[in-house]
Structure formats: C-alpha cells, structure tokens
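This report refers to the structure that appears directly beneath it.
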Amino acid sequence: MAKKTISITLYLSELIYDVQNKTYLTARSRYNGNNYKEIANMQADDDDENSNQIIRSIGNAFAILKTKLCEYIFDSGDTASDEQIITEGELTLTLEMPHNYNPATRKTIASAMHQFIVDSAVGDWFIITNKSDATDYMTMAAAQLVIIREAINKRVRPTKPNI
C-alpha cells in the first residue's frame with residue numbers, strides 16, 4: 001500500500017528563542033542578589049561565542065533526532081558534512097508513514113521534535129555553564145522522543161467494508 005508523506009518544519013528562530021528563554025528563566029530563578037556573574041554565565045544570548053554554541057547544539061540535536069527516526073525519514077541525499085547549520089531559516093524532515101498513519105498527530109510530532117531539540121540544546125548549554133541542570137534537560141529531551149514515537153505509531157482505526 002502507498003505510504004503517507006508528512007513534512008515537519010521547525011523554525012530556527014523559534015528554536016533559538018526557546019533556548020535563550022529557558023536559560024534566562026532558569027538563571028533568573030537561581031538569582032539570589034549576589035551572584036550576578038554566575039547568573040550571566042547561565043544565560044544563552046546572541047554573543048558570537050554563545051550563538052555559535054547554541055547553533056552547534058541545535059544542529060547536533062537535529063542530527064540525533066534524524067537518527068532516532070531514520071526508519072521513517074525520506075532523504076534522497078548521498079552526502080553529509082559537519083558544517084554548522086545556518087542561523088536563520090528552517091529545518092525540515094519528510095517522514096514516510098504507513099498508509100494507516102493517523103495524521104491527527106502531526107502537530108504533536110512537530111511540537112515534540114521542537115521540544116526535543118530545545119531541551120537537548122539547553123542540556124548542552126548547561127553542561128558547559130551549570131552541570132547540575134544539564135541532566136534535567138537531557139531527561140526532558142529523552143521524554144520527548146517517547147512522545148514522538150507514540151505519536152508516530154498512532155493508526156487510523158479500520159472501518160468495516162460494505163458488502
């Protein structure tokens with residue numbers, strides 16, 4: 001039977017914003033009035049060295065996501081490189097799903113993919129700046145993979161044919 005093709009688009013600007021926002025909120029919650037430097041170091045921002053690390057972490061998370069979902073991903077390319085992804089634009093995955101895949105889960109898949117990449121990138125950031133929070137974000141990223149798998153494996157209930 002024919003496969004269903006779905007395309008998931010993630011916007012890099014949204015991913016970067018969420019990484020920066022989560023690190024900001026985490027740092028703000030740790031502020032005690034005297035730890036200005038430590039708090040500043042916890043926050044991801046647009047400084048070149050910070051931005052480069054965020055982009056690299058997003059790229060790594062996207063590559064891991066593709067590996068985890070490779071049985072569904074349609075990719076006709078035959079080359080690869082470790083070039084850093086661009087700072088603007090979009091990341092797109094084309095998934096080839098079984099014919100009875102339930103398309104009602106597309107939004108769940110897209111949201112969980114977004115959150116996986118953000119949590120992975122924040123976890124990478126905190127490995128450098130605040131190791132105690134890194135494990136929490138990596139655990140949350142792993143939980144998003146479970147949600148993605150569950151959504152991908154939803155099927156449309158068969159209907160009885162008319163005889």
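Looking only at the range 2-24, decide whether some residue is exposed (fewer than 14 other Cβ atoms within 10 Å of the Cβ), out of contact with any strand residue (DSSP E or B) (no Cβ under 9 Å at 6 or more places or on another chain), touching a residue at least 40 places away in the same chain (Cβ under 8 Å) and of a type outside the set (S, T, N, Q).
yes
Exactly one of (1) modelled with pLDDT of 90 or more; (2) touching an Asp or Glu at 6+ places or on another chain (Cβ under 6 Å) is unmet by residue 3. Its number?
All conditions are met except number (1).
Each row is one residue, and each column tells you yes or no for (1) farther than 23 Å from residue 153 by Cα; (2) at pLDDT 90 or above.
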{"position": "83", "(1), (2)": "yes, no"}
{"position": "88", "(1), (2)": "yes, no"}
{"position": "94", "(1), (2)": "no, yes"}
{"position": "105", "(1), (2)": "no, yes"}
{"position": "112", "(1), (2)": "no, yes"}
{"position": "117", "(1), (2)": "no, yes"}
{"position": "121", "(1), (2)": "yes, yes"}
{"position": "137", "(1), (2)": "yes, yes"}
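The values are calculated or read from the model by the stated rules, or taken from the named source; none is laboratory data. What you see is a predicted model, and the numbers here were worked out from it, not measured in a lab. Please note: Cβ atoms are built from the backbone with ideal geometry, for glycine as well, and neighbour counts cover all protein chains shown.
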